[in-house]
Amino acid sequence: MYKTTGLMIGTLTAAIMSTTALAQTTITVSTWAGPNHGINTMVWPTWKSWIEEATEGRVTVEVVHDMGPPASQMEMVADGIADATWVFHGYNTGRFELTKLPEFPTFEDFSSEHASAAYWRTHQEHLAAGGEHRGVDVVAAGVHGPGWIFSREKFETLDDMQGKRIRVGGGVMGDLSNALDLTGVALPPTSVYEAGSQGVIDGAMLVPEGLRSFRVAEVFPYTLKVDGGFYRGSFTIVVNPMIWDQISPEDREAIEEVSGERLSRLFGYMMDVSDVRGVSFAEEQGHTFSELGSDDLETLRGVSDDMIAEWADSVEARGVDGMAAIEFFREQLVAAAEEDSVGDLVPDDFK
């Protein structure tokens, strides 16, 4: 009697476990950076651990590399080729305009984590209504570190750079290169080392983490800095809305709890950590860092103000009050800087 009952219970338990395993939903993430990039070593594995914990293992994440080039990521997710991805808006020329908002210089050294939290709040409050992410759901918004200018020869003034061939990646950095009379050369960061070593470009607008992760410090020994960067870069993490059809309302709510601002902060935190490592690597190579002088800084402020005014006019047609959104973003930068870091929520294995 007891043996039969035990056998029945064991069989039933095995069946339930088997059904649970079969019912598990996997979110397939397309990633386009190299395997050692922080998005792959920190953000995706941490998000995966958060999701698995929040859903008690019913939902997991699988990361797939090289499913398509950066500019194709939005369409890949909208078409269901992948369930999720990260998008750099500057690679999608003409599609995104609202997303330039966090890219303008702030002239203050806010961390990428704080900027990403502020950007998420601003997206939800002001930018989402513009509908630039049609076909996908935005689950996080991120900002990379301060964009500096790395070069073969030492630049100390804005005049030093006029006419120089400088790598740009779209968005505000493209507009800025035109305003400063640079010769912008559109390249992905992965091509900077080769282009620099072959003399195709004289320098690159890029973030500090690129000094190490893209080996920029090996070909460009000089950096020109500005507090807060000449520019920042805008990203979102997006999912195909149909993925929610495979997930219970309770698990969807749980996933959204560990996405949104929390995932946005994680993205920024990853960028902060990567930038520190990039600068340390460059210093070991004997790299030289210079600061833009006060007169040129005022010139750059004027250029930035003009660019923001033009941007605000351009987004009015999309139903967004650009100046109000900028002001809200700046207020949230200050507020986010007073809050706790997400770093304590990142497993040690992924730091």
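Only the coordinates and a few stated rules stand behind these numbers; no lab work does. These numbers were taken from a predicted model, which means no experiment stands behind them. Methodologically, a virtual Cβ is constructed for each residue, glycine included, from the backbone with ideal geometry; neighbour enumeration extends over all protein chains shown.
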Give me the number: length gained by fully extending PHE107 to GLU253, i.e. 0.36 nm times residue separation minus the C-alpha to C-alpha distance, one decimal in nm. 48.8 nm
Cα centre as origin, Lys/Arg/Asp/Glu Cβ charges: the stretch 237-351 dipole, Debye: 300
Any chance you could list P(r) for the stretch 196-351, counting all Cα-Cα pairs in 5 angstrom bins from zero, rounded to whole %? 2, 7, 11, 14, 15, 17, 15, 11, 6, 3, 1, 0
In sequence order, what are the phi-derived ³J(HN,Hα) couplings for the stretch 136-142 according to the Karplus relation 6.51 cos²θ - 1.76 cosθ + 1.60 with θ = phi - 60°, rounded to whole Hz, with x for glycine and proline? 9, 9, 8, 10, 6, 10, x
In Å, what is the Rg of the alpha-carbon atoms in the stretch 196-251, and how long is Dmax? 19.4, 55
Three-way shape call for the stretch 280-351 based on the alpha-carbon gyration tensor, with the a/c threshold at 1.5: oblate
Projecting each Cα onto the charge dipole of the stretch 70-167 (Lys/Arg +1, Asp/Glu -1 at the beta carbon, about the Cα centre), which of ILE166, ALA141, VAL77 comes out farthest on the positive side? ILE166
Which lysines, on any chain, are close to LYS48 with Cα under 23 Å apart, when same-chain ones fewer than 8 places away are left out? LYS351
Determine the dipole magnitude for the stretch 137-255: charges of +1 sit on the beta-carbon of Lys and Arg, -1 on that of Asp and Glu, nothing else is charged, the reference point is the Cα centre, and the result goes in debye to the nearest 20. 460
With N denoting the number of residues in the chain, provide Rg(C-alpha) divided by 2.2 N^0.38 Å, to two decimal places. 1.09
Residue exposure sequence - THR99, THR31 - by fewest surrounding Cβ within 10 Å: THR31, THR99
Taking every DSSP beta bridge with both residues inside the chain, roughly what % is antiparallel (nearest 5)? 50
Roughly how big is the chain's charge dipole about its Cα centre, with Cβ charges of +1 (Lys, Arg) and -1 (Asp, Glu), in debye to the nearest 20? 1220
Over all alpha-carbon pairs of the stretch 143-188, lay out the pair-distance distribution in 10 Å bins, whole %, shortest bin first. 27, 58, 15
Would you mind computing the Rg to Rh ratio of the stretch 85-170 from its alpha-carbon coordinates, Kirkwood style for Rh? 1.03
Working from Cα positions, state the angle (0 to 90°, nearest 10) between the long axis of helix 260-284 and the longest principal axis of the chain. 50
In whole percent, what relative contact order does the chain give with Cα contacts below 8 Å and a gap of six or more residues? 26
Over all pairs of different Cα atoms in the stretch 71-228, the reciprocal of the mean inverse distance gives a Kirkwood radius in Å of 16.7
With at most 15 neighbouring Cβ atoms within 10 Å, loop GluC sites (Glu not before Pro) (DSSP) excluded, longest segment of the chain: 157-337
